[in-house]
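See below for the structure under consideration.
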Amino acid sequence: MRIRGVMKRPTYTLVSLCLLGGPLPCLADADASSSNTLAPVIVTEKPLNRAAELTPSEETSVVRVVTREQFDNTTTTLADTLSTQTGVQIRETGGLGSYSTVSIRGSTGKQVQVYLDGMLLNDPIYGGVDLSFYTLHDIAEIQVYPGNAPARYAQAGVGGVVAMESLGDDTRGETRINLGTGSFGTQRYGLFNSGGHDRFHYWLSLNRQQADNDFTYPNEPQWFNPVDGEESTRRNADVTQNDGSIKLGYQFNPARQLDALLQWSDKDKGIPSIQNWANNRARLNTEQQRAQLHYQDSGWLDGAVQSSHRLLVGETEETYRDLNGRVGTGTYDLRTQVNQVALNNTVAWQNANHQLSAAMDVAWYDMDQRDLLQQDPDTNRKRRFIASALSHEWHSDEDRLRTQLAIRQFNVNDESETVDGNNARTRTDTDERYRAWQMGTRWSATHFLWLYANLAQQVRVPTLVEQYGQQGLFIGNPNLEAEESRNGDISARLLLDRGHFEITGFQRRLDPAITAIYDARGVGRYINVEAEIEGVELEAQYDLLDSWTLTANATLQDSKNLSEQIADQQDKQLPGIYHRSGMLNSQWRMAPFTLDLTWRYDDELYYDSANLLKSDPRNTLDAALGWQHAWNAHSKTQVRIEITNITDQLYQDFNRFPSPGRGYFINLQQTL
């Protein structure tokens, strides 16, 4: 049965004000008069540390780079920011701060590794990362590696890497205030301050985002709420998130530096139900603290050897309450605490045209979980993880040819409890070892044509829930094998005077893969299957005029479940993937204004493994108008007005979780 995801809405207008702003480098030279001089850029004498810093242009596979200018001065999350990138798909349950998962080249969210300053954010309990948790208020740059990732990311696996880098010491002497408001009760408040003296630098960032997410949508009684009539208002989908972070740095000399990053986040949100019940009170509160030390040294052997050393201590406390039983399969008052200690050490040796790199991640995770409504004892699980990587990179004298070869090894020790079909628990202690490899090359055939080729055998270790179950929700499968994937891609990049064109063909063969099956009670169990994904990515950017740029990308991919275990799923497309995606952006720069129009289209997504429930296309049009004015060398005002989903289309990334309709937002950023 086909779910009708695109329906006519009643005509209504939600006009609201929302104040946000961000630096627009394309306008930096627009006002050249002395009254509009931009703040100076501080340049420090600091050599590149190849063990800590990466240069995307030197990789043997294509890399997508998102700079802060592209998401600053917007009410956004990591999910929103990644949604326009080639080959990247984001699925959300609806509204700002709602649960969001990422897919790269047809991967699952668990297969994509997400990093912050070189440290992995994926936890071993559930595996995936809710991208809506990261509001990017303290992020300088995001790098997306859809294929082979550098050896520095020792735990890189099957589905690519998303790497966030926090702000550095290049924002000294700034104070910024951010304000925003908009449709669906959206509000944002932000404060940023940075400074330094001599070799010491710091910055402090505070951020608050909240939304009621009380959007309306046409109601279909058979799919949504049977008593709401023709129109429903989304209930219990509100979210409030507070974030704070501080970074302290000291440069001992141009080659040696120590940084400390402290982060705190508290997110409280309602969990909407499929039927949008009026008495649904389910809530999820997540509080996270992270402290990270980073020491880097570029001075070994007169700079030939460079090293990076990171220490992370983190704690996450999660409280989920559903006392009415309106979400899921029962009532819950669940408390989960995860403690993490991790070390990352990377060393790079540069010898003429060769670079040898070695990386090692050591991580300890302890999870305690208790449901206060159950008589069962607490669930305690532990994972000890050691990931190591060795890499050799070489480039020709004129840098026309580059090659890379890397090998990885993963050692995993788990102490956990297996949950069987009768909810009985048995303690287990396992040790496993896995290996992976990758190779790649980049050839500059001419000064305007670059060719890439990559091949890899990657591994994803099963999560603790996949392997050992979760009381009332999943049955354990201690015989579950790790996912193994043979990944390959070939790319061609054409460099033009006013832009570029890029085409990539990719294939991913998973044998074994991991998927969940469910019994009549709705209780799941993870099993191994076999699957294949292949496709083509297209990307182009061209400056039609000095003030007018067109950017476009498209992904066409096919997937197939090759397993013979379940007859109605064999040879069917994998669920949760849009198999046809496209984006077109037009940007006009007319100082002191910028205007963006962005059209996005996604189609051919199935909600279920048997391909019985197909979603309707996601077809949206967004517009944004930006303005900025530099009052003097230090003071600048930026305003950004956005209209999202202009056509007011209803779509459902997840079955029966409708999207917000047309939204209006205005944001202000004042730099003092």
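The values are calculated or read from the model by the stated rules, or taken from the named source; none is laboratory data. Quantities reported herein were computed from a predicted structural model and do not represent experimental measurements. Please note: Cβ atoms are built from the backbone with ideal geometry, for glycine as well, and neighbour counts cover all protein chains shown. We work out accessible area using only protein heavy atoms, side chains counted, and drop any ligands, DNA or RNA first. Shrake-Rupley method; radii C 1.70, N 1.55, O 1.52, S 1.80 Å.
For this structure, a couple of remarks:
- Strands (runs of 3 or more DSSP E) lying entirely in the range 224-312 (those with 1 or more residues that are β-branched (Val, Ile, Thr) and either open to solvent by 30 Å² or more (accessible area, probe 1.4 Å) or touching a residue at least 24 places away in the same chain (Cβ under 8 Å) (or both)): 231-233, 239-253, 283-300
- Residue identified as modelled with pLDDT of 95 or more and over 24 Å from residue 470 (Cα atoms) among 534, 564: 534
- The set of residues from the range 608-625 being of a type in the set (Gly, Ala, Ser) and over 24 Å from residue 646 (Cα atoms) comprises 609, 610.
- Residue check for residue 98: under 22 Å from residue 183 (Cβ atoms), part of a loop (DSSP other than H, G, I, E, B) and either among the small types (Gly, Ala, Ser) or modelled with pLDDT of 95 or more (or both): yes
- When 268, 243 are screened for being among the acidic types (Asp, Glu), closer than 19 Å to residue 94 by Cβ and under 29 Å from the mean Cα position of the chain (by Cα), only 268 passes.
- Residue check, residue 84 part of a loop (DSSP other than H, G, I, E, B), surrounded by fewer than 21 Cβ atoms within 10 Å (Cβ to Cβ) and among the β-branched types (Val, Ile, Thr): yes
- Residue pairs meeting the criteria (Cβ under 6 Å; at least 6 apart or on separate chains; first open to solvent by 50 Å² or more (accessible area, probe 1.4 Å), in the range 388-401; second of a type in the set (Gly, Ala, Ser) and at pLDDT 95 or above): 390/358; 400/444
- When residues of the range 464-487 are limited to those that are at pLDDT 95 or above and among the polar types (S, T, N, Q), the one most open to solvent (accessible area, probe 1.4 Å): 487
- For first residues located in the range 620-642 and farther than 23 Å from residue 90 by Cα and hydroxyl-bearing (Ser, Thr, Tyr), partners that are open to solvent by 20 Å² or more (accessible area, probe 1.4 Å) and in a strand (DSSP E or B) and lie 6+ apart or on another chain with Cβ distances below 6 Å form the pairs 637/629; 637/670.
- Residue match in the range 343-356 (condition: among the aromatic types (Phe, Trp, Tyr), farther than 30 Å from residue 214 by Cα and surrounded by fewer than 16 Cβ atoms within 10 Å (Cβ to Cβ)): no
- Of all positions in the range 111-130, none carries a residue that is open to solvent by less than 20 Å² (accessible area, probe 1.4 Å) and over 30 Å from residue 366 (Cβ atoms).
- Residues in the range 471-513 that are of a type in the set (Val, Ile, Thr) and free of Cβ contacts under 8 Å to residues at least 60 places away in the same chain: 475, 490, 503.
- Residue within the range 404-414 that is in a strand (DSSP E or B) and over 28 Å from the mean Cα position of the chain (by Cα) present: no
- Residue 11 open to solvent by less than 30 Å² (accessible area, probe 1.4 Å), farther than 24 Å from residue 249 by Cβ and either modelled with pLDDT of 85 or more or not in a strand (DSSP E or B) (or both): no
- The set of residues in the range 643-658 being free of Cβ contacts under 8 Å to residues at least 40 places away in the same chain, in a loop (DSSP other than H, G, I, E, B) and over 27 Å from residue 108 (Cβ atoms) consists of 646, 647.
- Residues being buried (at least 23 other Cβ atoms within 10 Å of the Cβ) and touching a helix residue (DSSP H, G or I) at 6+ places or on another chain (Cβ under 6 Å) - total across the range 131-156: 3
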